[in-house]
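These notes are about the structure you will find just below.
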Amino acid sequence: MTSSTPSTPAAKAAPKDPWDLPDVSGLVVGVLGGTGDQGRGLAYRLAKAGQKVIIGSRAADRAQQAAEEIGHGVEGADNADCARRSDIVIVAVPWDGHAKTLESLREELAGKLVVDCVNPLGFDKKGAYALKPEEGSAAEQAAALLPDSRVAAAFHHLSAVLLQDTSLEEIDTDVMVLGEERADVELVQALAGRIPGMRGVFAGRLRNAHQVESLVANLISVNRRYKAHAGLRVTDI
Ligand SMILES: NC(=O)c1ccc[n+]([C@@H]2O[C@H](COP(=O)([O-])OP(=O)(O)OC[C@H]3O[C@@H](n4cnc5c(N)ncnc54)[C@H](OP(=O)(O)O)[C@@H]3O)[C@@H](O)[C@H]2O)c1
């Protein structure tokens, strides 16, 4: 183009298809607290879908025993080794042990994508209710404790009973995924999408994780009234 040629406005790039997600099939997924119901369920579903999964525990032998029971190539290790060997690390420990677990694994989790699924809940005679973490949410607590990791939040609304039910081929639910970096959110959406029936949906930044974590108290009420294992679907997308 010569200097006398009138310039044309740059063509606008086509908007990215939000369902065009990365290939995560080669990534190793670790699950801290993977000997529990939620961790076992996620490990089973992801490994069955072909993902390499390592479950973690405070005791390596407990993790190895649970991994053998889950099958599908799942391995067991202590939480530190699990974090070290994984690309994406799901945090599936109880809220009570959340801060202490993450603080103790800061080094092993540096540079990793950490996916928090912890729901800070209390229970009394009226049922489940949401706790209010000082940092705003469990996910924001994780981000504060792990400055060298990338933190996302997802997998809060799943039923561990359904995840572990080997008679079910599909898990009929959406997974709300929250995070600060689009690339990280898309990795987690893609991971959720590996499980038949499941769809990962972007649901905002970590400052909105509290509502997502708290909603589990409502789902527990639903489950108790209707004797169900309720999931969630986001409509019109
Ligand atoms: N269950 C569900 O349906 C469900 C659904 C969505 C999200 N979640 C969330 O997922 C997390 C795990 O739920 P879960 O039902 O699997 O819980 P869980 O069975 O009570 O605990 C999971 C594992 O965490 C480890 N653990 C227990 N106390 C700990 C502590 N103080 N510090 C560190 N590790 C500890 C234990 O493994 P080791 O003894 O082997 O270390 C245990 O097997 C919770 O935060 C929950 O809110 C659960």
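When segment 48-65 is filtered for residues that are away from the ligand (no atom under 14 Å from the Cβ) and open to solvent by 10 Å² or more (accessible area, probe 1.4 Å), the ones remaining, listed by number, are LYS48, ALA49, GLY50, LYS52.
Could you list, in sequence order, all residues of segment 121-140 that are open to solvent by less than 40 Å² (accessible area, probe 1.4 Å), outside any loop (DSSP other than H, G, I, E, B) and farther than 22 Å from GLY200 by Cβ? Even if it seems obvious, please write down each step before you answer.
Taking segment 121-140 and keeping what is open to solvent by less than 40 Å² (accessible area, probe 1.4 Å), we get 121-122, 127-128, 130, 133, 136-139.
Then keep just the ones that are outside any loop (DSSP other than H, G, I, E, B); that gives 121-122, 127-128, 130, 138-139.
Once the filter is applied, which keeps residues that are open to solvent by less than 40 Å² (accessible area, probe 1.4 Å), outside any loop (DSSP other than H, G, I, E, B) and farther than 22 Å from GLY200 by Cβ, segment 121-140 yields LEU121, GLY122, GLY127, ALA128, ALA130.
Screening segment 171-189 for residues that are assigned to a helix (DSSP H, G or I) and open to solvent by less than 10 Å² (accessible area, probe 1.4 Å) and picking the one that is farthest from ALA47 (Cα to Cα) gives VAL185. Condition first: polar (S, T, N, Q) and buried (at least 21 other Cβ atoms within 10 Å of the Cβ). Can you find one or more residues in segment 8-24 that meet it? No, every residue in segment 8-24 fails to be polar (S, T, N, Q) and buried (at least 21 other Cβ atoms within 10 Å of the Cβ).
Evaluating LEU146 against the criteria (1) more than 20 Å from VAL188 (Cβ to Cβ); (2) away from the ligand (no atom under 14 Å from the Cβ) leaves one unmet condition, (1). Within segment 150-170, the set of residues being surrounded by fewer than 21 Cβ atoms within 10 Å (Cβ to Cβ) and assigned to a loop (DSSP other than H, G, I, E, B) comprises HIS157, SER159, ASP165, THR166, SER167, LEU168, GLU169, GLU170.
Figure legend. Inter-residue proximity from segment 112-141: first residues closer than 21 Å to ASP184 by Cβ, second residues assigned to a strand (DSSP E or B) and open to solvent by 40 Å² or more (accessible area, probe 1.4 Å), beta-carbon distance below 6 Å, spacing 6+ or different chains. Indicated pairs: LEU113/ARG150.
Give segment 29-43 a look and list any residue that's within 14 Å of the chain's Cα centre (by Cα) and open to solvent by 10 Å² or more (accessible area, probe 1.4 Å), or say none. Scanning segment 29-43 gives GLY33, GLN38, ARG40. Restricting segment 92-120 to residues that are touching a Ser or Thr at 6+ places or on another chain (Cβ under 8 Å) and within 11 Å of the ligand (Cβ to nearest atom), the residue that is least open to solvent (accessible area, probe 1.4 Å) is PRO120.
The residues on offer are ILE171, ILE237, ILE195, and the sole one that is of a type in the set (A, V, I, L, M, F, W, C) and in contact with a strand residue (DSSP E or B) (Cβ under 6 Å, 6 or more places away or on another chain) is ILE171.
Yes or no, residue by residue, for (1) under 28 Å from ARG224 (Cβ atoms); (2) within 15 Å of the chain's Cα centre (by Cα); (3) not hydroxyl-bearing (Ser, Thr, Tyr):
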{"position": "LEU105", "(1), (2), (3)": "no, no, yes"}
{"position": "ALA110", "(1), (2), (3)": "no, no, yes"}
{"position": "VAL114", "(1), (2), (3)": "no, yes, yes"}
{"position": "ARG150", "(1), (2), (3)": "no, yes, yes"}
{"position": "THR166", "(1), (2), (3)": "yes, no, no"}
{"position": "GLU169", "(1), (2), (3)": "yes, no, yes"}
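The values are calculated or read from the model by the stated rules, or taken from the named source; none is laboratory data. All values derive from a computational prediction rather than experimental measurement. Cβ: placed from backbone, ideal geometry, glycine included. Neighbour counts: every protein chain shown. In case anyone asks, the SASA skips ligands and DNA or RNA and just uses the protein heavy atoms, side chains included. Shrake-Rupley method; radii C 1.70, N 1.55, O 1.52, S 1.80 Å.
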